[in-house]
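Q: Dropping a structure here in structure tokens format, bear with me for questions.
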Amino acid sequence: MDTQNDVSQSNEYNKPNSKTIFEKAALGFKMFLIGFIVLLLLIPMLFIGNLITERQSRKDEVVADITEKWGSNQQIVGPYISVPYKDTEINPNTNVSQTVIKYAHFMPENLSYEAEPITEIRKRGIFEVILYRSEIKIKGDFPALDLSKLDIDPARLDFENAFLNVGISDIKGLSDFIKIDLGNQKITLEPNTKNTGIFENGVSKKINYTQLKTQPISFKTAFIIKGAGELQFIPIAKQTKANIKSAWSSPSFNGEFLPDAKEKVKKGFNASWSIPLTQRMIPMSWLNNQIDIKGYGFGVDLLLPVNNYSTADRTVKYAILIIGLTFLVFFFIENIKGRRIHPLQYILVGFSLVLFYALLVSFSEHIDFNLAYLIASLMTTALISLYLLGVLKENKLAGFIFGTLGLLYGFIFVLVQLEDFALLMGSLGLFIILAVVMYFSRKIDWYQKK
């Protein structure tokens, strides 16, 4: 009898602990379930991303509609002189030779642009558009005519029909006719219907070209132009200078040439350029459309200080980091503090984290983005902390969650603001987070030996 009892006790001693096996399975299943919930929450994050894209598209439509009536990005070139000539070419459709009109173009020796855009913000609904109105002053001189560099017989040039051009990308922005003094001539330029191969839009006028055959001739003009966003000039002269100053405090200098000098004044900026012929491949004269000058533009883009949609879009890219780290903290609370959190409660907290981005986008359409971020993060952090306070019934844990979420949202805010240093700060931040996770995870009995 005793032997049988000993064997029975021995078998009972060697029998695996069913509770331990269950706890091992439960721990693994909980980890799998949390990971699945994180991935599941990425689905509504896709909808948030689509929402941002949709709102940005709506804003772009409003901007396009307003600028279509006012004047859009402006690019200005000239004045330059075009002289027509006849040429013969084969029609590709009929293989028959035909006579066509082409143009020889002559650029200034010196060219100076001056602009002082005055900005205003127009609103339509909740969307804002930056518009400007600027006086454009242009002066310079043409050299005496030199036909030696043109690959054409001078006798073919029709100087009787030579005309002066000023290229303007959107002539809807012109408030009046452009009047220009060319030597002793006073010319009123009219909308250009000729496609000379240089600039499709602009104004032009037939001129008396006789004086240019023997001596240099100066020119000057001033006119008002309206536009939105960009204001650019094209350097076509042997020596081109430009100066742009404005009271707008958020300029972005763009194009092929950066300013030689720029300074922030009490209100706004003052920038100047000096571009010689040696810095671009635009000769002093050429035939027809041999040279494409549009890519040589330079100038300024008058931007809104913050594009809330692009900033919100960058914030959304860190959503998986916020959700994953928050759930990781909850997992540690469960296993270190012995407090149980139901999967449904994980889901509710996850939806709160997703809702943060919808709050951020909607608030930022009405107030400053930084303030919108602060309000949305405080609302989300407070909601989750108070919810866990009701679930766990422990003030310290709720306060710990509040502080942790505050640090996470603060970390993401810094990453979004520091575009140039985002990679460095993000790498350092993730290293610190990984170190903290490794420190606390050492306290978890992963094999449930106890």
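The values are calculated or read from the model by the stated rules, or taken from the named source; none is laboratory data. Note that the coordinates shown come from a computational prediction; the quantities given were computed from them, not determined experimentally. Every residue, glycine among them, receives a Cβ derived from its backbone with ideal geometry; neighbour counts consider all protein chains shown.
Q: In the stretch 402-423, is there at least one residue being modelled with pLDDT under 80 and closer than 16 Å to residue 330 by Cβ?
A: Among the residues of the stretch 402-423, not one is modelled with pLDDT under 80 and closer than 16 Å to residue 330 by Cβ, which makes the answer no.
Q: Among the residues of the stretch 265-283 satisfying the criterion of being crowded, with 18+ Cβ neighbours inside 10 Å and of a type in the set (A, V, I, L, M), which is farthest from residue 240 (Cα to Cα)?
A: If we take residues in the stretch 265-283 being crowded, with 18+ Cβ neighbours inside 10 Å and of a type in the set (A, V, I, L, M), then 271 is farthest from residue 240 (Cα to Cα).
Q: Which of the residues spanning the stretch 27-64 are touching a residue at least 24 places away in the same chain (Cβ under 8 Å) and either in contact with a Lys or Arg (Cβ under 7 Å, 6 or more places away or on another chain) or among the acidic types (Asp, Glu) (or both)?
A: 62
Q: What's the total number of residues in the stretch 201-255 that are of a type in the set (S, T, N, Q) and in a loop (DSSP other than H, G, I, E, B)?
A: Residues flagged as of a type in the set (S, T, N, Q) and in a loop (DSSP other than H, G, I, E, B) within the stretch 201-255 amount to 6.
Q: Take the conditions in contact (Cβ under 8 Å) with a residue 40 or more places away in the chain, closer than 27 Å to residue 63 by Cα and buried (at least 17 other Cβ atoms within 10 Å of the Cβ) and apply them to residue 302. Does it pass?
A: Values: in contact (Cβ under 8 Å) with a residue 40 or more places away in the chain: yes; closer than 27 Å to residue 63 by Cα: yes; buried (at least 17 other Cβ atoms within 10 Å of the Cβ): yes.
Criteria met by residue 302.
Q: State all residues of the stretch 360-396 that are among the hydrophobic types (A, V, I, L, M, F, W, C) and surrounded by fewer than 18 Cβ atoms within 10 Å (Cβ to Cβ); if no residue qualifies, say none. Outline the logic, then answer.
A: Taking the stretch 360-396 and keeping what is among the hydrophobic types (A, V, I, L, M, F, W, C), we get 360-361, 363, 367, 369, 371-372, 374-376, 378-379, 382-384, 386, 388-389, 391-392.
Passing the criteria: 367, 371, 374, 375, 378, 379, 382, 383, 386, 389, 391.
Q: Let me ask something else about it. Which strands (runs of 3 or more DSSP E) does the stretch 48-140 wholly contain that include 3 or more residues that are buried (at least 21 other Cβ atoms within 10 Å of the Cβ)?
A: 74-90, 97-106, 110-115
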